[in-house]
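Following: one structure in structure tokens, then a few remarks.
The values are calculated or read from the model by the stated rules, or taken from the named source; none is laboratory data. These numbers were taken from a predicted model, which means no experiment stands behind them. No Cβ is skipped: glycine too gets one built from the backbone with ideal geometry, and neighbour counts run over all protein chains shown.
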Amino acid sequence: MFKKIHVVVAVSALLLTACGQSIPKSSESVAPTSATSFPVTIENNGTSVLIPEQPNAIISLSPTATEILFAIDAGDQVIAVDDQSNYPADAPTSDLSGFTPNLESIVALSPDLVVVSFDADGIVAALTAAGIPVLVQFAAVALDDTYQQILELGTATGQVSSAEALNAKMKSDIESAIAKVPANAAGLTYFHELDNTLYTVTSATFIGSIYALAGLTNIADTAADAASGYPQLSPEFVVSADPAIVFLADTKCCGQTAETLAQRPGFEGLSAIANSSVVELDDDVASRWGPRTVDFVNSIVDGVLTVTSK
């Protein structure tokens with residue numbers, strides 16, 4: 001049961017935030033200074049959000065926002081996070097849902113700021129009407145969106161310096177990782193598996209853009225329904241494409257490993273299996289666009305080095 005629920009939630013989250021509604025590319029935040037003076041007004045997706053005082057009762061209904069808040073030293077200001085926010089370990093997880101938010105349950109906690117990743121069931125208007133500031137941080141399309149959202153949360157929480165420091169470190173760490181990619185890696189093909197029914201991503205998504213940093217070629221870009229950004233491939237398509245590297249982002253939800261991949265009919269002949277080039281990812285790290293994107297990049301680079309060193 002856990003496996004089924006986790007897969008539905010993971011894939012639905014990607015589809016909802018990426019193609020289920022008309023979504024701006026990223027949040028529009030105020031240009032931060034070295035410190036935030038309250039009250040502060042943040043331009044968030046065309047709406048002016050007034051935050052009268054530094055918030056100390058924040059609710060995050062977005063796993064990525066939760067990770068960002070704790071990474072910019074705003075964790076002590078967070079009173080509750082949604083049921084999908086499982087990192088960091090000390091985040092105050094609750095039974096609140098970002099997919100089916102309950103207005104009464106949220107209001108009962110008297111938050112002074114709520115962060116969501118999309119407007120489920122009109123929750124933004126409902127909370128605004130209740131006098132509670134709400135920031136919507138849609139799924140990132142590129143790394144610049146991540147950096148912008150980090151600065152936005154830094155401004156909203158009075159943690160601008162920490163947000164700027166986090167962005168600087170992420171940029172430096174990612175640049176250092178990509179610098180390790182050898183020239184002969186250019187054009188290597190890959191397959192990123194979202195779940196074991198072969199849902200995947202194209203280069204037009206945030207996940208795909210991270211692989212592009214390493215110069216890799218996505219086999220899903222030529223799939224029949226690639227325009228969705230999240231096509232479901234057939235086993236025959238994957239076998240025919242024969243990717244040089246397979247990245248499994250379903251190790252937690254679906255228990256997938258290099259061994260289970262090799263046991264699938266027809267997959268035993270994949271080059272990635274023959275060359276031990278199957279990378280087992282942490283599902284959450286690979287599907288979120290926050291601070292742990294650095295870990296995702298490092299996993300990609302490790303996979304590339306495995307292939308190119310043979």
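Before moving on, here are some points about what is shown:
- The residue of the stretch 23-73 that is surrounded by the fewest Cβ atoms within 10 Å (Cβ to Cβ), among those that are among the acidic types (Asp, Glu) and either at pLDDT 95 or above or farther than 16 Å from VAL136 by Cα (or both), is GLU53.
Residues are listed down the side, and each one gets a yes or a no for (1) buried (at least 21 other Cβ atoms within 10 Å of the Cβ); (2) under 30 Å from SER299 (Cβ atoms):
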position	(1), (2)
GLY122	no, no
GLY131	no, no
LEU143	no, yes
GLN148	no, yes
GLU152	yes, yes
GLN159	yes, yes
SER162	no, yes
ASN167	no, yes
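- Answer residue from the stretch 224-259, given it is out of contact with any Leu (no Cβ under 7 Å at 6 or more places or on another chain) and touching a residue at least 60 places away in the same chain (Cβ under 8 Å) and is surrounded by the fewest Cβ atoms within 10 Å (Cβ to Cβ) among those: GLY255
- Checked against the criterion of being in a helix (DSSP H, G or I) and in contact with an Asp or Glu (Cβ under 8 Å, 6 or more places away or on another chain), the stretch 239-259 contains one or more residues that satisfy it.
- Answer from ASP221, ASP302, ASP225, ASP250 - the residue that is modelled with pLDDT under 95 and under 25 Å from the mean Cα position of the chain (by Cα): ASP225
- The stretch 199-238, residues that are in a loop (DSSP other than H, G, I, E, B) and closer than 27 Å to VAL181 by Cα: THR200, VAL201, THR202, SER203, ALA204, THR205, ALA214, GLY215, LEU216, ALA223, GLY229, TYR230
- Residue in the stretch 122-144 that is free of Cβ contacts under 8 Å to residues at least 60 places away in the same chain and farther than 22 Å from SER48 by Cβ present: no
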